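Worksheet: the structure to be examined is printed underneath.
What follows is calculated from the coordinates using simple rules that are stated; it is not laboratory data. Quick caveat: nothing in here was measured; it's all calculated off a predicted structure. With ideal geometry, Cβ positions are generated from the backbone for all residues, glycine too; neighbour counts draw on all protein chains shown.
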Amino acid sequence: MPSPKAKNPVRSGGSPVLGSSNGRYEFMSLTKPLNRSSPSHLLQRQGSEPTTARLRASESPTRRRGSSSSTGSASGQGLSEEDGIRLNPSFVRVALSSLLAIDLWMSKRLGVCACEDSSWGSVRPLMKLIEISGHGIPWLAGTAYCLYKSDSAAGQEVMLNLLMGLLLDLVLVAIVKAVVRRRRPAHNRMDMFATFSVDRYSFPSGHATRAAMCGRFLLAHLVLAAPLRVLVLLWASLVGLSRVMLGRHNVTDVMFGFWMGYCQYNLVEMLWLSPQTLQGLLGQLA
Ligand SMILES: CC(C)=CCC/C(C)=C/COP(=O)(O)O
């Protein structure tokens, strides 16, 4: 007997907040990994809702037996333990799936400069300029230049630690990207300047980690005037926003990136290379 719930457009079609395509709303899968072949990276909810799944099982026991070769006990005797686990996703899983769905939906809506003919396509060149301002190469080159030009021990110490922070950031972001392997949004055009191979992955945003870490570094050691401090905060925020507007990242990539960069600064402070440590290191090298 068909479930009366199936006629309910919200229950059968999904939640509008989780996104829609071709007039059909779709759910995230609560039990399986994301299927990248799906256009919106969302899977339809299959068997994760206990009532619907139980009804489906009673409608077609033969099909269920056939599809579950490893669980012979399921034949005619109700649901196996494995089914029980599948049909009862934990609250955390539901919450995470919903968060991811909202993330994808919001990121797509905010990716208004993803290409020239996007709704805000005319702002794309400005966004790309902001992108370059948070790129690793200008930061590494600029810091190395200031280190070379600095004639005070204090200045050299600060620049050397910034250089160490930037290198640490590149390594940590590469590790997390390689482990998580989250693909960049489908609407992103991969026309970024100077990338590493891990930069085909989007989690976390390297620009956001750098903006947060360097922003904190500048505020703590280099920029003291209040108007300039506001500018530093504005710049860091714009770098993060531009990642989503350019379609490079999902919102969660940038949010996590900001958090990671904030924590990386604590690491830089912990590992701070003092002139004494430096002399010791140089002495060992010589
Ligand atoms: C080549 C060097 C020195 C750094 C690469 C910087 C880069 C392209 C990071 C990727 O940033 P997102 O993860 O924000 O896209």
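Kindly state, to the nearest 0.05, the FRET efficiency for Ser98 paired with Leu228, given R0 = 45 Å and r defined as their beta-carbon distance. Intermediate values should be presented prior to the final figure.
On the way: r = 41 Å, r/R0 = 0.90.
Approximately 0.65, to the nearest 0.05.
If you scale each eigenvalue of the Cα gyration tensor by 5 and take the root, what three semi-axes come out for region 177-219, rounded to whole angstrom and sorted largest first?
Numbers: eigenvalues 97, 30, 18 Å².
Semi-axes, largest first: 22, 12, 9 Å.
Name the long-range amide H neighbours of Ser205: under 5 Å, sequence gap of 5 or more, or other chain; modelled H, no Pro or chain starts.
Val254, Gly257
Please compute the Kirkwood hydrodynamic radius over region 121-285, one decimal place, Å, based on all pairs of different Cα atoms.
16.5 Å
May I ask you to list the chymotrypsin sites (Phe, Trp or Tyr not before Pro) in region 119-225 that are in a DSSP loop and have at most 16 other Cβ atoms within 10 Å of their Cβ?
Counting only loop positions with at most 16 other Cβ atoms within 10 Å, the chymotrypsin sites (Phe, Trp or Tyr not before Pro) in region 119-225 are Trp120, Phe193, Phe196.
How many angstrom lie between the C-alpha centres of region 90-144 and region 154-204?
Centre-to-centre distance over Cα atoms comes out at 14 Å.
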